[in-house]
Amino acid sequence: MATPLILNSIIDMIAQAVEKSRQDGFLQLDTVPTIEVERPSNPEHGDFATSLPLRLARATRINPLNLAEALVQNIPPTDEVEEVTAVAPGFINFKLRDSWVQQQVEMVRRLGAEYGNVDLGQGQRMMVEFVSVNPTGPVHIGHARGAVLGSSLANILAAAGFDVTREYYVNDAGSQMNAFYGSVLARYRQALGQDSELPANGYVGEYICDLAREIIEAEGQRFADMDEASALKEIGDLGREKMVALIREDLEQIGVTFDNWFSERSLFDNGDYDRGMQLLRERGFLAERENATWFTSTALGDDKDNVVIRSSGEPTYFASDIAYHYNKFVQRGFDAVVDIWGADHQGHVPRMKSAVQALGIEPDRLTVLIAQMVTLKRGNEVVRVSKRTGEFVTLRELSDEVGRDACRFFFLARTPSTQMEFDLELAKQESNENPVYYIQYAHARNTSILNLARSRDIDWSGGDVALLNHPSELALIRAMLRLPELVEDMARTLEPHHLPHYTMELANSFHVFYENCRVVSSNPEDADMTLARLKLVESAQIVFRRALDLMGMDAPDHM
């Protein structure tokens, strides 16, 4: 069930006022720009505002304040809106009726866990592909940022009415996997006392030795005397499966799960690679030169063409990516795709968009988000390497130290396009300095109030929300009403980093309400107010749980 948005009602009011002004001859306009409505940063300016008169002033040659005043004359008060005012230099401000705001407590209670859902997507099929670390090593903190971003974004898109598929692309083909297979085999043989050298481009982390020991424990020495090719294939398959399982476990530890784990090798086995290359050839985007096959992306405005098939006949990683996106759009028919990549793939974005266009797909249907680098800090000291591996800090090490919820909140709280510092000490604090603790404590306090009421056998279902007149009560309800608007906005912009900041503001509103308004009173004269405030607390609990769930975080009842 979708949540009704008062924002959309206000946009409709403005549109009707503009149309009436055009019919009256006051506005001489062939087209009207998109009507944008925002929440003023200063509550004294009302609940909503639009700068449309300022935007129309040049085209109409009318003073923007006069234009605003004329439009206001065509916007009558409604059950929802108490006051509409024109403000210099050309804004229109809207103030909601307190009586309507109070009644929204009942709306939140009625919608329950579906509160915040909106109809933006209307069932469009959307894929979010994220993490997709080569299964040659464990997930590290750089990957974790993209994991949390993708997981939360998928939750938001689903709440916004999209049919979302969460996908992990398993890069199980190519030279890096061959180096991984050779590394596992070498460590396996070394663990059995045999002389064996790592490949020149092999993997040296301790986790490779751990894998080799696990294989010996499970399979014994049966690969020791096997011919090289057979041993590489069999032990390589085991190593890959174990590494994918480890990656899956590490991601699940911070609440990141996938609907599908897609194998790169399947693109070659099922013919998608051949079909994708053939389509590019038919459309005139492949050229043979220098004993290689090139994607002629300069024809689409790129700086240079790119090799897709090397002179050896081996496809490049770019060729696999083209086949993968052919599979996404053409074979599986997704309406839109979001790829989340690491900072080292920034330069790959333009040519991937060109490849999609060359396949005959509208390039705007593909969005690539880049998650920038993460620096770990312990106090003022930068944590550079893992104690266990001597190299990168793994996601498991981070989540073991600070917990799932801190991982998710802090990675999500910054826009992915900026580099970030992750403060380990702050993430572990149990104080209001730690935003995770502050937000979850608000929910726990909320639950404690409701449990106290239940222990006293108080039935608040008949409470009258019209009694909620205290400024902090009304401010809390207004904060709750922002969630569905935020879901729609984040789904449009693909920017889930606004959600942690919203939950901080929601928690602050609840704490202020708690400090100013006694909820459960033993005074018989306050009985009606107790029931009304319990309804407010119950609805606030619903909103807290929904916001935390969208972020993939727990909503604890006790702290």
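The values are calculated or read from the model by the stated rules, or taken from the named source; none is laboratory data. All values derive from a computational prediction rather than experimental measurement. Cβ coordinates were reconstructed from backbone atoms using ideal geometry, including for glycine residues, and neighbour counts include every protein chain displayed.
Tabulated data for the structure shown
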item: The stretch 509-559, subset basic (Lys, Arg) and more than 13 Å from ALA442 (Cβ to Cβ), residue surrounded by the fewest Cβ atoms within 10 Å (Cβ to Cβ); result: ARG518
item: Close pairs (9 angstrom Cβ cut-off, 6 or more residues apart or separate chains): exposed (fewer than 12 other Cβ atoms within 10 Å of the Cβ) in the stretch 217-245, modelled with pLDDT under 90 anywhere; result: ASP225/ALA231; SER230/PHE223
item: Filter result (buried (at least 19 other Cβ atoms within 10 Å of the Cβ) and closer than 21 Å to ASN42 by Cβ) within the stretch 87-102; result: GLY90, PHE91, ILE92, ASN93, PHE94, LEU96, VAL101
item: Residues located in the stretch 18-47, provided they are touching a strand residue (DSSP E or B) at 6+ places or on another chain (Cβ under 9 Å) and either at pLDDT below 90 or surrounded by 14 or more Cβ atoms within 10 Å (Cβ to Cβ) (or both); result: ILE35, VAL37, ARG39, PRO40, HIS45, GLY46, ASP47
item: Wholly within the stretch 329-382, strands (runs of 3 or more DSSP E) carrying at least 3 residues that are at pLDDT below 95; result: 374-378
item: Within the stretch 385-416, considering residues that are among the hydroxyl-bearing types (Ser, Thr, Tyr) and at pLDDT 90 or above, the one nearest to ALA154 (Cα to Cα); result: THR415
item: Test: residue in the stretch 125-139 that is under 25 Å from ARG492 (Cβ atoms), of a type in the set (Lys, Arg) and either out of contact with any strand residue (DSSP E or B) (no Cβ under 6 Å at 6 or more places or on another chain) or not assigned by TED's automatic domain parsing to the domain that holds LEU398 (or both); result: yes
item: Options VAL105, VAL118, VAL128, VAL84; residue that is surrounded by 19 or more Cβ atoms within 10 Å (Cβ to Cβ), in a helix (DSSP H, G or I), touching a helix residue (DSSP H, G or I) at 6+ places or on another chain (Cβ under 7 Å) and at pLDDT 95 or above; result: VAL105
item: Qualifying residue in the stretch 403-420 (condition: part of a strand (DSSP E or B), under 30 Å from ASN508 (Cβ atoms) and of a type in the set (Ser, Thr, Tyr)); result: no
item: Index of the failed condition, ALA113 passing every other in (1) within 28 Å of PHE410 (Cβ to Cβ); (2) touching a strand residue (DSSP E or B) at 6+ places or on another chain (Cβ under 8 Å); result: (2)
item: Criterion: buried (at least 17 other Cβ atoms within 10 Å of the Cβ) and among the hydroxyl-bearing types (Ser, Thr, Tyr) - qualifying residue of THR447, THR418, THR375; result: THR447
item: ALA144 vs. criteria modelled with pLDDT under 95, surrounded by 24 or more Cβ atoms within 10 Å (Cβ to Cβ), closer than 24 Å to PHE411 by Cα and among the small types (Gly, Ala, Ser); result: yes
item: Members of the stretch 255-284 found to be more than 25 Å from TYR168 (Cβ to Cβ) and under 34 Å from the mean Cα position of the chain (by Cα), listed by number; result: LEU279, LEU280
item: Pick from the stretch 332-352, criterion more than 25 Å from ALA158 (Cβ to Cβ) and not aliphatic (A, V, I, L, M), ranking: surrounded by the fewest Cβ atoms within 10 Å (Cβ to Cβ); result: GLY347
item: Residue match in the stretch 384-392 (condition: outside any loop (DSSP other than H, G, I, E, B), farther than 30 Å from LEU286 by Cα and in the same structural domain as GLU206 (by TED's automatic domain parsing)); result: no
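Per-residue answers, yes or no, for (1) under 23 Å from ALA224 (Cβ atoms); (2) among the hydrophobic types (A, V, I, L, M, F, W, C); (3) assigned to a helix (DSSP H, G or I):
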residue	(1), (2), (3)
GLN176	no, no, yes
TYR181	yes, no, yes
ARG189	yes, no, yes
GLY193	yes, no, no
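Each row is one residue, and each column tells you yes or no for (1) more than 24 Å from ARG482 (Cβ to Cβ); (2) among the β-branched types (Val, Ile, Thr); (3) over 32 Å from the mean Cα position of the chain (by Cα).
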position: ARG39; (1), (2), (3): no, no, no
position: THR50; (1), (2), (3): no, yes, no
position: GLU69; (1), (2), (3): yes, no, yes
position: ASN93; (1), (2), (3): no, no, no
